[in-house]
Amino acid sequence: MRVPPGRVRRHGRRGTALSATAAAAATVLLASACSGSDDGTVELRFSWWGSNERQATMLQVIENFEADNPDIRITAETTDWSAYWDRLATTTAANDSPDVLMQEERYLREYADRGALLDLGEAEGLDLSLIDPLVAESGQLDGQTFGAASGVNAYSIHADPEAFAAAGVEMPDDDTWTWADYVEIAGQISEGTGGEIAGAQSMSYNEAGFQVFARQHGEALYNEDGSLGFSQETLEAWYEITQDLLENGGQPSAARSVEIQAGGIDQSVVATGEGAMAHFWSNQLGNVVEASGREIQLLRYPGETEFDRTGLFFKPAMFYSISAGSEHPAEAARFVDYMLNDPAASELLLADLGLPANTEVREAILDDLPESDARMAEFMGEIEGTIVDGNPPAPIGAGQVVDISSRVSDGLAFGDLTPAEAAEQFMTEVEAAIETS
């Protein structure tokens, strides 16, 4: 059923746990796949990545959808992040892609340019009218829509007030602080605790931080055609901030930073109590709070009022896409429409896939969010009015930028590269990795 603009469907069923029947069925579903059955039921394959907790929740969502749509059966295919992309590449090459699949901005252009994804703008029964305008066009390429954002995140600083207090340093005013303030505060925290608490975790491993910095300077990580959208001078200035933090002791040593980065969120400085600030996506707040056992706060990026424009942006947490080769595009569109527009799905998923991209559904679930997710939603509401625009889809090859960022960051931290050399190496390697249109 198509949802008229300005209205969201209401659903009476609210599951809170995976039933025994659904769990048993899931074992079969995860192992089988076909496009139809003898009784005329349409069978769709839906593929995503994520934790066991996400799997259990998603299977409950599927069970609810099937109860309302008895003519459709969903086969679930799920794995972890790295295995997901290996498998999707294999199935796509074999013309055996799942009907509905999760996509991520680093890979959307690659699969769209292969002709592997359906134009959602032409999908019968799929209403995209209530998607947040700040991400509504993020899944578009050349006038076609190949991904519908599941939800929205923002890159932010996760700060531990207890660590600030232990160092005798006041929490910053994140409405006005500058990058110079950030460096100074991080150094003060390390100094104030005799090095027991680091001011900040290294920020140069993830290109999302630089993406904010570039936008603050009126530039971008990527242009619409997929080419690099920033100057070498701006990237050098970014690496100089890391250099300053290494010199004033505001971040851990190079060797320790490598260990911390390899450990993920659970081993981040804020999760282990070893540091006061770290950079993560807003929807990861719950994970950081759970790992740390502390009330972590979200802060805006420094520099938001320092330059000509703000740099923060809403990122599509992930995209729903439909395979161009699906034998049942109308039924696949009906399932995607349910995931986007029916509060019953979001009442289960909450903020796991980002705050719902459908703005009315987002409003409908706010009272149901756990405390950390509610604080994240409040933060997102506070910054929404300061965001200028979104970003175009990343170019083909953008998935390699993660490894490039890590190599360059390590070279800088260990003293093998100057900020100028780091900027030159990053740009050279990324330009070699990506394809532009």
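The values are calculated or read from the model by the stated rules, or taken from the named source; none is laboratory data. Worth saying up front: this structure is predicted, and the values here are computed from it rather than measured. With ideal geometry, Cβ positions are generated from the backbone for all residues, glycine too; neighbour counts draw on all protein chains shown. All accessible areas refer to the heavy atoms of the entire protein, side chains included, with ligands and DNA or RNA removed. Shrake-Rupley method; radii C 1.70, N 1.55, O 1.52, S 1.80 Å.
The candidates SER97, SER268, arranged from most to least accessible area with a 1.4 Å probe in the full protein assembly, appear as SER97, SER268. Centre-to-centre, using Cα atoms only, region 394-429 and region 170-235 are separated by 16 Å. Converting phi to 3J(HN,Hα) with the Karplus coefficients 6.51, -1.76 and 1.60 and the offset θ = phi - 60°, region 356-370 yields x, 6, 5, 5, 6, 5, 4, 5, 5, 9, 4, 6, 8, 6, x Hz in sequence order, with x at every glycine or proline.
With θ taken as phi - 60° and the Karplus curve 6.51 cos²θ - 1.76 cosθ + 1.60 applied, the whole-hertz 3J(HN,Hα) list for region 217-224 is 8, x, 10, 7, 5, 10, 7, 4 Hz, x standing for glycine and proline.
Taking the structure as given and computing Rg/Rh (Cα atoms, Kirkwood Rh), which label from [x] 1.03; [y] 1.16; [z] 0.98 fits? Answer label, from the structure shown: [z].
The listed residues SER257, SER129 rank as SER129, SER257 when sorted by accessible area, largest first, using a 1.4 Å probe. With unit charges on the beta carbon (Lys/Arg positive, Asp/Glu negative), name the residue among SER231, ALA56, THR178 whose Cα is farthest towards the positive pole of the charge dipole of the chain. Positive-end residue among those listed: ALA56. Between ARG54 and VAL402, the modelled labels are 1.1 nm apart [label points 7 Å from Cα along Cα→Cβ]. Rolling a 1.4 Å probe across all protein chains gives ASP113 an accessible area of roughly 90 Å².
Report the calculated FRET efficiency for ALA89 and GLU170 (r = Cβ-Cβ distance, R0 = 56 Å), to the nearest 0.05. Approximately 0.70, to the nearest 0.05.
Loop-resident GluC sites (Glu not before Pro) (DSSP state other than H, G, I, E or B) in region 87-156 with no more than 16 further Cβ atoms inside 10 Å of their Cβ: GLU124, GLU137.
Does region 371-421 classify as rounded, prolate or oblate by the C-alpha gyration tensor (a ≥ b ≥ c root eigenvalues; a/c under 1.5 gives rounded; else a/b over b/c gives prolate, otherwise oblate)? It is prolate, given that a/c is not under 1.5 and a/b is the larger ratio.
Here the Karplus curve 6.51 cos²θ - 1.76 cosθ + 1.60, taken at θ = phi - 60°, turns the phi angles of region 134-149 into couplings of 6, 10, 4, 9, 5, x, 9, 9, 6, x, 10, 9, 10, x, 10, 4 Hz, with x standing for Gly and Pro.
Between GLU124 and ILE265, the FRET efficiency estimated from the beta carbon spacing at R0 = 41 angstrom works out to 0.55. Here the dipole of the chain is about 1060 debye; that uses its Cα centre as origin and unit charges on the Cβ of Lys and Arg (positive) and Asp and Glu (negative).
Taking the protein heavy atoms of the chain in the context of the full set of protein chains, the accessible area attributed to carbon and sulfur is 45 percent at 1.4 Å. Taking all Cα pairs closer than 8 Å and separated by 6 or more residues, the relative contact order of region 298-357 comes to 26 percent. Distances between placed amide hydrogens fall under 5 Å for ILE74 paired with LEU44, all partners being 5 or more residues away or on another chain. Available extension along the chain between ALA433 and GLU327 is 34.8 nm, counting 0.36 nm per residue and deducting the alpha carbon span.
The Kirkwood radius of region 162-203, taken over pairs of alpha-carbon atoms, gives through the Stokes-Einstein law at 4 °C and 1.567 mPa s a diffusion coefficient of 125 µm² s⁻¹. Between the residues GLY218, PHE414, ALA344, the greatest Cα displacement towards the positive end of the dipole of the chain, with unit charges on the Cβ of Lys, Arg, Asp and Glu, is found for ALA344. With no solvent and one point on each alpha carbon, what is the Debye value of log10 I(q)/I(0) for region 250-311 at q = 0.13, 0.26 Å⁻¹? Cα-only, vacuum Debye calculation for region 250-311: -0.40, -1.08.
Pairs of Cα atoms in region 169-243 fall into 5 Å distance bins, from 0 up to the last occupied one, in shares of 3, 13, 22, 21, 17, 11, 7, 4, 2, 0 percent. Look at where the Cα atoms of region 267-290 and of region 336-384 average out, and the two centres are 21 Å apart. With protein chains left intact and a 1.4 Å probe, residues in the chain average 40 Å² of accessible area per residue. Sorting ARG114, ARG73 by solvent-accessible area of protein heavy atoms yields ARG114, ARG73, largest first, with a 1.4 Å probe.
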